[in-house]
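Before any comments, here is the structure.
What follows draws every value from the coordinates through simple rules; no lab data is involved. These numbers were taken from a predicted model, which means no experiment stands behind them. Counting neighbours? That spans all protein chains shown, and the Cβs are built from the backbone with ideal geometry, glycine included.
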Amino acid sequence: MDNKKADDIRQSVRDSYTKVAEASNEGDCCGVESSCCGVSSDEQINTLISTRLGYSEDDLKNVPEGADMGLGCGNPRAIASIQAGETIIDLGSGGGFDCFLAAQELNGTGLVIGIDMTPAMISKARTNAEKGGYSNVEFRLGEIEFLPVADNTVDVIISNCVINLSPNKPRVFSDAFRVLKPGGRLAISDVVASCELPEHIRTDLALYSGCMAGASLVEELETFMSEAGFTDIRITPKDDSLEFIKDWAPGRGVEEYVISAHIEAIKPASVSCC
């Protein structure tokens with residue numbers, strides 16, 4: 001992909017999720033056409049969306065109001081096996097929902113860092129952290145291809161329906177590998193392509209911002225992760241996701257091409273030379 005096209009995609013995604021953050025702040029529906037965004041002014045609707053993704057009602061009650069915007073395609077914490085004292089990064093942290101839930105699993109120890117490229121989302125997440133009194137959660141503005149995090153400092157990387165939005169997925173996994181400690185792990189929920197996407201879907205920027213047009217085939221993702229250095233790669237499609245994906249772009253038939261999946265991998269504890 002050439003640089004101009006990649007920049008166009010990033011700007012489209014940034015603009016879309018700026019609108020999501022602003023709409024959420026105002027208590028409105030997101031208004032982003034063909035988006036995986038589930039933001040609604042109706043709390044019951046957001047609760048329904050998030051429980052369909054795999055969160056419990058207790059999860060939704062135990063975060064600051066406004067943190068859960070109904071975004072995502074799964075629950076990465078369900079596969080993260082977070083332990084007290086660990087350092088966690090959330091790629092594309094939005095309003096901070098998964099960060100706050102991860103922090104609760106740390107029981108006041110460790111650190112959770114949310115990374116997002118949208119200033120409006122960072123501002124929203126920081127406000128939510130202050131409202132919730134989270135002392136071990138911080139949010140940094142940055143792109144997931146170029147993480148503002150030091151080498152070999154992170155135990156777990158989580159992400160919820162964000163890597164598909166990147167126009168340079170090999171770079172995402174390469175930088176994730178860089179920041180993870182030896183033995184560190186990926187625990188990601190994302191949308192993957194179940195077959196080759198037709199051109200009319202791949203070139204639709206609204207569907208790209210909506211977490212559909214940028215989905216990669218499972219085989220491509222496995223290659224990206226393997227070439228970055230990851231081992232123990234597991235990509236597990238979730239057949240029950242087809243129903244809510246259908247709601248993201250009604251009448252477009254996108255659910256015939258993409259599906260939500262759990263994506264897991266390990267950075268080897270040691271790398272042999274030669």
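Pairs from the list LYS4/LYS169; LYS61/LYS124; LYS61/LYS267; LYS181/LYS238; LYS169/LYS267; LYS5/LYS267 with a Cα-Cα gap above 22 Å: LYS61/LYS267; LYS181/LYS238; LYS5/LYS267.
Ordering of 78-85, 119-126 by packing is 119-126, 78-85, highest average first (other Cβ atoms within 10 Å, averaged per residue).
Determine the shape class of the range 54-175: with a ≥ b ≥ c the square roots of the Cα gyration tensor eigenvalues, call it rounded for a/c under 1.5, and otherwise prolate if a/b is greater than b/c, oblate otherwise. Rounded. Extension gain, LYS246 to ARG140: 0.36 nm times the residue separation minus the Cα-Cα distance gives 34.9 nm. Computed about its Cα centre, the charge dipole of the range 3-266 is approximately 520 debye, with only Lys, Arg, Asp and Glu carrying charge at their Cβ. Each of ASN75, ASN128, VAL172 was placed along the dipole of the chain (beta-carbon charges, centred on the mean Cα), and the one lying farthest toward the positive end is VAL172.
Straight-line cross-link reach from LYS246 at under 18 Å between alpha-carbon atoms covers these aspartates and glutamates, not counting any fewer than eight positions away in the same chain: GLU33, ASP190, GLU196, ASP204, GLU255, GLU256.
For the range 3-266, the direction-averaged projected area of the alpha-carbon convex hull comes to 12.2 nm².
Per-residue ellipticity at 222 nm, computed for the chain from helices alone with -39500 (n - 2.57) per DSSP H run of at least four residues, works out to -11000 deg cm²/dmol.
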